[in-house]
1. For the Cα atoms of the chain, what angle does the longest principal axis make with the long axis of helix 321-331, in degrees from 0 to 90, nearest 10?
2. What is the spin-label model distance, in nm, from Glu249 to Tyr142 if the labels are put 7 Å beyond Cα along the C-beta direction?
3. Return the FRET efficiency for the residue pair Ile241, Asp331: r is the Cβ-Cβ distance, R0 is 22 Å, and the value is rounded to the nearest 0.05.
4. Nearest-5 percent of antiparallel DSSP beta bridges in the chain?
5. Sticking with the crude label model, points 7 Å out along Cα→Cβ, report the distance from Asp305 to Leu346 in nm, one decimal please.
6. Dipole magnitude of the range 72-145 about its Cα centre, charges +1 at Lys/Arg Cβ and -1 at Asp/Glu Cβ only, in debye to the nearest 20?
7. For Lys252, give me every one of the lysines with a C-alpha distance below 30 angstrom, ignoring sequence neighbours fewer than eight places off in its own chain.
8. Lys and Arg at +1, Asp and Glu at -1: add these up for the other residues within a Cβ distance under 12 Å of Asp167 and post the number.
Amino acid sequence: MKERESITVSIVVPIYNVEKYLEQCLNSLRNQTHKNLQIILINDGSPDNCKDICERYCKIDNRFQLISKDNEGLGYARNTGLQLANGKYVFFMDSDDYLNENAIETLLSAAIQNHADVVIGNFQAVTEQGNPISYYGYDQKYALYQNEDVKNTLLPKLFGSLPEGGDSVTMQASGNLYAMYIIKDQDLRFCSERVFSSEDLFFNLDYYCYAKTVCIIPDKVSYYRTNPDSLSHCYRPDRYILKRKIYEEGCKRLKKAGIYEATKYRFMKYYFNGLRNCIRQESPAVSKKTIRESVSSISNICHDDYLKTIISEFPKERLKSKQRLFLWLLDKDCALLLMVLGQIGLLD
């Protein structure tokens with residue numbers, strides 16, 4: 001007990017345009033049962049009143065510290081926090097989410113008991129208003145990975161499930177507890193999500209290659225808010241280009257790490273899942289395009305030779321029927337039907 005209480009945990013919170021959620025996030029940090037915290041708030045050029053809210057919390061609780069900087073995105077904001085972090089462990093927090101009051105204590109206890117370099121916590125997805133979403137999340141069980149199993153067995157699961165499904169592990173960095181010594185010794189940093197659309201994936205790939213023990217716990221420590229204003233829900237005309245870019249880069253890094261063959265079908269499926277979101281985003285309701293323009297954009301995706309090569313190499317017979325149908329529609333350039341299915345929510 002005394003050992004745990006004496007350990008400092010640094011919490012890095014990038015903040016941008018989350019005024020209506022921020023107090024709930026910060027209150028959940030203030031009220032943690034583990035008190036030895038360094039709470040680093042990174043105001044990433046937020047245009048609303050987030051800075052004023054952060055300054056108020058810094059005045060009433062000296063565990064909070066605020067850094068204001070020009071907007072560079074989530075990944076670089078986390079890097080700013082890492083430069084200041086002095087805890088034995090670091091926890092990344094998204095500023096529209098919130099925690100159970102014993103979240104850090106639960107994660108830290110698991111880290112100590114298992115001598116773990118990473119503890120992966122479970123989460124509860126909630127609506128914008130904070131209501132639980134039963135169909136979104138992971139039904140994860142306790143698991144411990146050590147030594148070579150971390151790289152060869154666990155790490156591929158961060159890149160998605162097998163074609164048959166059912167065995168992936170969340171690749172989000174938020175909600176997990178990381179040992180700072182690996183980050184410092186290996187000088188690890190996040191990439192920009194403006195370059196690669198998932199800043200978490202490559203950070204975890206780099207980190208897990210050095211982790212000796214990883215513990216997964218079933219406890220729901222955080223509440224993940226499905227914020228309709230977040231970048232993942234907003235239309236971006238270059239979304240497919242970014243998805244392809246992260247896939248190409250990911251393949252290079254997996255080959256360098258020596259786990260490409262063990263991971264390739266998982267990563268292909270991850271790529272296909274990302275395409276569903278790209279196509280949903282192209283629907284007129286989201287993109288504000290005409291039907292003709294939406295169909296044309298989806299057709300351009302379908303005609304990408306790179307995508308067609310991946311589809312041809314993927315073992316489609318191992319997929320469930322709905323997923324096989326999606327790949328068939330992509331391969332046959334059924335752009336209008338894909339747009340309609342995306343518009344009415346049948347691509348999920």
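The values are calculated or read from the model by the stated rules, or taken from the named source; none is laboratory data. Only a predicted model underlies this, so the values are computations on that prediction, with no experimental measurement involved. Cβ: placed from backbone, ideal geometry, glycine included. Neighbour counts: every protein chain shown. Heads up: the accessible areas ignore ligands, DNA and RNA and are worked out on the full protein's heavy atoms, side chains in. Shrake-Rupley method; radii C 1.70, N 1.55, O 1.52, S 1.80 Å.
1. Its long axis makes an angle of about 60 degrees.
2. Each label point is offset 7 Å from its Cα along the Cβ direction, giving 3.8 nm.
3. Values: r = 20 Å, r/R0 = 0.90.
Step by step, r from the Cβ atoms, then E = 0.65.
4. Numbers: 13 of 39 bridges.
Percent antiparallel among DSSP bridges in the chain is about 35.
5. Using points 7 Å along Cα→Cβ, the separation is 3.3 nm.
6. Details: 3 positive and 9 negative charges, 61 e Å.
For the range 72-145, the charge dipole is close to 300 debye.
7. Within reach: Lys151, Lys157, Lys184, Lys212, Lys243, Lys264, Lys269, Lys308, Lys316, Lys320, Lys322, Lys332.
8. Numbers: positive: Lys141, Lys157, Arg266, Lys269; negative: Asp139, Glu164.
With Lys, Arg at +1 and Asp, Glu at -1, the net is +2.
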